[in-house]
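Just so it is clear, none of the values below were taken in a lab; they were calculated from the coordinates. In this text, all values refer to a predicted model and were calculated from it rather than measured experimentally. Cβ placement follows ideal geometry from the backbone for every residue including glycine, while neighbour counts extend to all protein chains displayed.
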Amino acid sequence: MDGHFRTADYPTNQASFVVDQLLGVNDEDVAVGFYTDAAGNTHGYEYNIATNQYSSVVDPNAPGASLTAAAINDRGDVAGFYTNPATGNTDGFLLRHGQLTDLGVPGAV
């Protein structure tokens, strides 16, 4: 925002987490990323730079699935990857209006 660096650490009740990264930002000043907890699970999130507000990005069908939010467009659609709870595979996803579309290729691991 305005060419200034900002610190964005996802507020969590975890005693510590290993990784916390923002990976994408749109023209509306909303960024997405993930943090990794001590057990190695990733948790996606959005960060509104203007309001300093955080929100989780989750698979609505499997809220505990390991998920990384990697990109966001100006409409707020989020893309990334997650561990598919049905197959155990890492699949790409598109999250639009709260609806997750799995982008996994059949037969791929």
Relative contact order of the chain, defined on C-alpha pairs under 8 angstrom at six or more residues apart (%): 17
When the convex hull of its Cα atoms is projected in every direction, mean area for the chain (nm²): 7.3
Summed residue charge, Cβ within 14 Å of V18's Cβ, Lys/Arg positive, Asp/Glu negative: -3
A71 paired with V18, simple spin-label distance in nm, labels 7 Å along Cα-to-beta-carbon: 2.6
R6/Q99 FRET efficiency (R0 35 Å; Cβ-Cβ; nearest 0.05): 0.70
Formal net charge of residues neighbouring Y82 (Cβ-Cβ distance under 12 Å; K, R +1; D, E -1): -3
Exposure proxy order (Cβ contacts within 10 Å, fewest to most) of I72, I49: I49, I72
Inter-site label distance for A86 and N41 at 7 Å from Cα along Cβ, in nm: 2.1
Cut-off under 5 Å, modelled amide H: who pairs with S66 long-range: T83
